[in-house]
1. Please go through the stretch 135-178 and pick out each residue that is modelled with pLDDT of 95 or more and within 16 Å of residue 257 (Cβ to Cβ).
2. Evaluate the stretch 309-318: report whether one residue or more is over 24 Å from the mean Cα position of the chain (by Cα) and under 23 Å from residue 257 (Cβ atoms).
3. Condition check: in the same structural domain as residue 363 (by TED's automatic domain parsing), at pLDDT below 95 and crowded, with 16+ Cβ neighbours inside 10 Å. Does residue 64 satisfy that?
4. Answer yes or no as to whether residue 153 is closer than 30 Å to residue 58 by Cα and either surrounded by fewer than 19 Cβ atoms within 10 Å (Cβ to Cβ) or touching a residue at least 40 places away in the same chain (Cβ under 8 Å) (or both).
5. Can residue 51 be described as part of a loop (DSSP other than H, G, I, E, B), within 26 Å of the chain's Cα centre (by Cα) and within 16 Å of residue 106 (Cβ to Cβ)?
């Protein structure tokens, strides 16, 4: 609230309201304070779900560009309420940037939205960031670099590959009768058809249920069906392939190619520069056998993974740690990239930028709105 989040809401509501009906978890008094500071009007058609927390502020509600415990607590409670509404109504969720230190000052034990979602749903939420040209998923995200090496364990990484393959396929392709990964300790011993049938049975109570939920995420709450014009619907449907990476948008799973980055320089040079990449390579071999197709490619040396030649071949990348994957992504597509939380019962997106305290509540701040708008477009398009 002390950053640019409320400005994003106020300046972009009119455009978003054309094709969806957002519900904002905020008290009117807080939004009114932001609007006055920005010299903006609160749109009359905004639907606000109050938190009834305005009384926690004993002086000025908004302290532009400042980190404080009260703003951290307020943003967390807003997020917490939004999650509960998403569960109740099977709706998608868009979150605004938060300052992690403000959460810490407020006594919030989570390092961010994703960490809370993992705890709330007891599932390993996967962070995937990017735009239609390129998405990057993170095996580890908000942990110190010194702990990354210890996280690269065979079963943990292999399960991550399985979860990502399932979750990504649910977003961008219909569930088809192609080979589906199966967690089998006797790797490679079963016929691909047997793997397919057993996997579908094994996943029926989880994957299919999640698919059904995701298919209705927007329709029940986000979409205002009475006010959507036919032309808007057709335009949105036509643009599904624009948001999804071009080389496998709505294509059979067997055409999906995912480039996996190594951890060490030169992807370890066959163990000379570190053993972790040997584990990564083994997991890639196993998951491809489970799928019955060469979907996961690598490991690829991180320093050359994002060269133009590779980006022509791959539009999905998996990085072992935060900066390995996100530094190239943000150098290329910072203004348009979004953050997507996969492998959860709800689908959540957010802008791929921070609170921008240095630009908050300032005139002529030249804030880009694209990432925020893309967060909504993505949800509407993948759920049409």
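The values are calculated or read from the model by the stated rules, or taken from the named source; none is laboratory data. Quantities reported herein were computed from a predicted structural model and do not represent experimental measurements. Note that each Cβ is placed from the backbone with ideal geometry, even for glycine, and that neighbours are counted across all protein chains shown.
1. Once the filter is applied, which keeps residues that are modelled with pLDDT of 95 or more and within 16 Å of residue 257 (Cβ to Cβ), the stretch 135-178 yields 135, 136, 137, 161, 164, 165.
2. There is at least one residue in the stretch 309-318 that is over 24 Å from the mean Cα position of the chain (by Cα) and under 23 Å from residue 257 (Cβ atoms).
3. Yes: the conditions hold for residue 64.
4. Considered against the rule, which asks whether it is closer than 30 Å to residue 58 by Cα and either surrounded by fewer than 19 Cβ atoms within 10 Å (Cβ to Cβ) or touching a residue at least 40 places away in the same chain (Cβ under 8 Å) (or both), residue 153 comes out as no.
5. Yes; evaluated as a whole, the condition is true for this residue.
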